[in-house]
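Written below as structure tokens is the structure these notes are about.
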Amino acid sequence: MKRLFFVFFMLVFIITSCAKKEERLLGERGGTLIIGTINLPTTISPLSPSIFGSNDILNLLFLSLHRIDFKTGKMTPELASSWEFSEDLTSITYYLRRDVTWWDGSSVTAEDVLYTFEKMKDPATRYPHVASLRFIKDVEVLDPYTIKFTFQKVYADILTDSDIMAVPKHIYEKVGPDFGETPVGNGPYKIKEWIPGSHLVLSFNDAYYRGRPPLDEIVIRQYINMTAMVQDFSAGNIDVVLNIPPKEAKNLAENEDISIDSRPGNVYTYIGWNLEHQFLKDPSVRTALSMAINKGTILADVFANMGVISLGPLPQSSWGCDTSITPMAYDTVEAKNILAQHGFADRNRNRIIDKDGADFTLNIITNIENPERVVVLEYIARDLRKLGIRINTRTLDAGAFITAVLKKEFDGFIMGWTVTEKIDPTLYWHSDSTKGKFNFVSYRNSVIDSLIEQGVAMLNRKEAKKIWGEFQRIVYDDQPYTFLVVPNTISALYERVKGTEQGIALASAYTYWIPEAERRVTVAAVVDTQVPTQPPEVAEVIREERPPEIVEPERILEATMMEDTSIVAVVPETTIVAPPTPPKPSVITRAKPVKQVKPQYPESVRSLGATGRVVVRVLVGTDGKGMKATVLSSFGNPACEEAALAAAQQWEFTPATKDGEPFEQNVSIPFDFQP
């Protein structure tokens, strides 16, 4: 019987994992798409995904072993043409495509995958998702296009955890961590020009295994704030804007040429209650608080009804969510009745209810960098005061907020958790402090612990959904959190952009196209090479990770814990290390040119009529002189590159300062060579 079970299981896996013929990308070829974002990372590498910036750009430049099909929700081959499981399901053998090459023309092989895995495991790399590799016991190259992963045990997310996005071994061995500044990939697009902090230009990869993607170029512009980006989009200067606030989306929707893409989000916003508080230990009291908060008003006023009321620790977009749960009704009268039944009354006539000689007082915090949560805090305080509770609110910077949460210096805090395709709530809900390191509310429930352990190990998704549904209902009934809303993920685009069925995201942009009749007309500008095409304030590059406009403390916490594998039961107990305080922008004055030199246009190039741009990166020293110059991007003419380097090395600057002190700074200077 056991043998038959495995035979059946193997047949299912073989059928679902065998490669089907890849569909070619559809759409008219040609044209340029311009995307606006505030979250472009300052380094682009699968081994160094950003904490703050969006990592979707990696999906345009690199291939994973497999990807999730947006139509079916199932794993579909990408770099791997197929895969098969061993009979005991503890290993996967991947068979790689033989028609995938790196941008330099070298073949992508199993050695690249193995090398990437080893670099991910290497502590010196500081790969932030290393915890996801903890159950992989061994990786073995069987031949140049075959690689085998062996696991310590059988569990539900074996495929997810082995989904490596490879880097080229022969290049990474030479450049090391600098790979993220000059990446070489194998995806549908490749980098044509990159000025970090300003823009990224991608050109199609004609060697892409599914055929060249439709667009000639994708230009990604980075904006310093949301307001500037939305204004530029409204003026028609960009085609797509990503991750915009609901109120901005509502205003843009008034333009009939603009389409708003509002899709179910995967982040649930909540108030976490300190269950060590003398009154909050009682689930009935927590239920009364949740009933008194008008979540519908918060959804309407703060999120413009672009989202849903939360049903617990799994958002409605998750495959494991039980959407049959009835949201808790908003009922201030019933909330007051519950509190009265549990002994709360205003005995000392100070308009604050009390019990056992103590006034009911709650101190609720959130982080000041997130304006939506600051407004949510105001709404919550207003609603709870109607119950006769004294509400003290504080908005803290992200570092102070995280410290307060870790030290339990709160009665309630507002934050949000992200639920990915891989459901594993261990970190947030497990009673064991060595596992539930984000169980800041001190929730203890042995049934929940058991359900988590069953669900994480469950192979059958249908059965796993039952387990997660029970987990969700129990937590929702206990109300250790007041579950507020799940905001949508919102982007906008002009309707001339087609091929967006997979959603509006950088990761999907390789499928986009624009009909020829609706493309933006581009006129070549006549550029004076004496002065950079952009002001120095824009062109210069500060090689620092800067926080985005909206800081989310949970992302800092999650990024910190991704490096911590101690959440596994077999790993000895370790001490929780407080996550780093998010970086604060320094006061910076940027290097400005005081002497500019025009490059000599080589006569040999002029006679051929060759034209193009060379961007030179200059490291400006504390004395204002260039210390080192390198070609950042070029149109491929060595003589022009040499002339650009010679000119750039003669530029002089007023040195950059950081908090009043001179510091070295990279400056990018574009030189255009035209007759």
Considering only the stretch 434-448, state which residues are out of contact with any Lys or Arg (no Cβ under 9 Å at 6 or more places or on another chain), among the hydroxyl-bearing types (Ser, Thr, Tyr), touching a residue at least 24 places away in the same chain (Cβ under 8 Å) and surrounded by fewer than 19 Cβ atoms within 10 Å (Cβ to Cβ). 434
Only unsatisfied item for residue 656, checking (1) crowded, with 20+ Cβ neighbours inside 10 Å; (2) at pLDDT below 75, is (2)
Can you name every residue in the stretch 331-354 that is out of contact with any strand residue (DSSP E or B) (no Cβ under 8 Å at 6 or more places or on another chain) and of a type outside the set (Gly, Ala, Ser)? 331, 332, 333, 334, 336, 337, 338, 339, 341, 349, 351
Answer with yes or no whether residue 125 is over 21 Å from the mean Cα position of the chain (by Cα) and not basic (Lys, Arg). no
If you scan the stretch 256-304, which residues turn out to be in contact with a helix residue (DSSP H, G or I) (Cβ under 7 Å, 6 or more places away or on another chain) and farther than 26 Å from residue 390 by Cα? 258, 260, 262, 303, 304
Among 622, 611, 581, 630, which is among the hydroxyl-bearing types (Ser, Thr, Tyr) and modelled with pLDDT under 70? 581
Going through the stretch 351-398 in order, the residues found to be β-branched (Val, Ile, Thr) and more than 17 Å from residue 410 (Cβ to Cβ) are 352, 353, 375
On the given criteria, is residue 163 charged (D, E, K, R) and either in a strand (DSSP E or B) or under 29 Å from residue 456 (Cβ atoms) (or both)? yes
Could you tell me whether any residue of the stretch 340-347 is within 30 Å of residue 470 (Cβ to Cβ), touching a residue at least 12 places away in the same chain (Cβ under 8 Å) and among the aromatic types (Phe, Trp, Tyr)? no
Go through 481, 494 for me and flag whichever is within 30 Å of residue 29 (Cα to Cα) and either surrounded by 17 or more Cβ atoms within 10 Å (Cβ to Cβ) or not aliphatic (A, V, I, L, M) (or both). 494
Among what's in the stretch 338-355 and is within 45 Å of the chain's Cα centre (by Cα) and closer than 13 Å to residue 386 by Cα, pick the residue that is surrounded by the most Cβ atoms within 10 Å (Cβ to Cβ). 339
Pull up the stretch 209-221, narrow it to residues that are part of a loop (DSSP other than H, G, I, E, B) and touching a Gly at 6+ places or on another chain (Cβ under 7 Å), then point me to the one that is surrounded by the most Cβ atoms within 10 Å (Cβ to Cβ). 215
Residues of the stretch 132-155 classified as buried (at least 18 other Cβ atoms within 10 Å of the Cβ) and either within 23 Å of the chain's Cα centre (by Cα) or within 19 Å of residue 177 (Cβ to Cβ) (or both), total: 1
Of the numbered conditions (1) more than 28 Å from the chain's Cα centre (by Cα); (2) closer than 23 Å to residue 275 by Cα; (3) basic (Lys, Arg), residue 435 fails exactly one; give the number of that condition. (1)
Give the residues of the stretch 356-371 that are of a type in the set (A, V, I, L, M), surrounded by fewer than 20 Cβ atoms within 10 Å (Cβ to Cβ) and without any contact (Cβ under 8 Å) to a residue 60 or more places away in the chain, sorted by residue number. 368
Within the stretch 372-382, is even one residue part of a loop (DSSP other than H, G, I, E, B) and touching a residue at least 12 places away in the same chain (Cβ under 8 Å)? no
Verdict on residue 662 being assigned by TED's automatic domain parsing to the domain that holds residue 612 and modelled with pLDDT under 85: yes
Condition first: within 28 Å of the chain's Cα centre (by Cα) and among the aliphatic types (A, V, I, L, M). Now tell me which residues in the stretch 286-308 satisfy that. 298, 299, 300, 302, 304, 306, 308
Taking the stretch 57-115 and keeping only residues that are surrounded by fewer than 22 Cβ atoms within 10 Å (Cβ to Cβ), under 28 Å from residue 41 (Cβ atoms), in contact with a helix residue (DSSP H, G or I) (Cβ under 8 Å, 6 or more places away or on another chain) and hydroxyl-bearing (Ser, Thr, Tyr), one is left with 106, 115
Scan the stretch 392-414 and report the pairs whose first residue is modelled with pLDDT under 95 and whose second residue is surrounded by fewer than 20 Cβ atoms within 10 Å (Cβ to Cβ) and small (Gly, Ala, Ser), with Cβ atoms within less than 6 Å and a gap of 6+ or a chain change. 406/578
In this structure, does residue 310 turn out to be modelled with pLDDT of 95 or more and surrounded by fewer than 21 Cβ atoms within 10 Å (Cβ to Cβ)? no
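The values are calculated or read from the model by the stated rules, or taken from the named source; none is laboratory data. Here the structure is a predicted model, which means the values were calculated and not measured. When we count neighbours, we look across all protein chains shown, and the Cβ atoms used for this are built from the backbone with ideal geometry, even at glycine.
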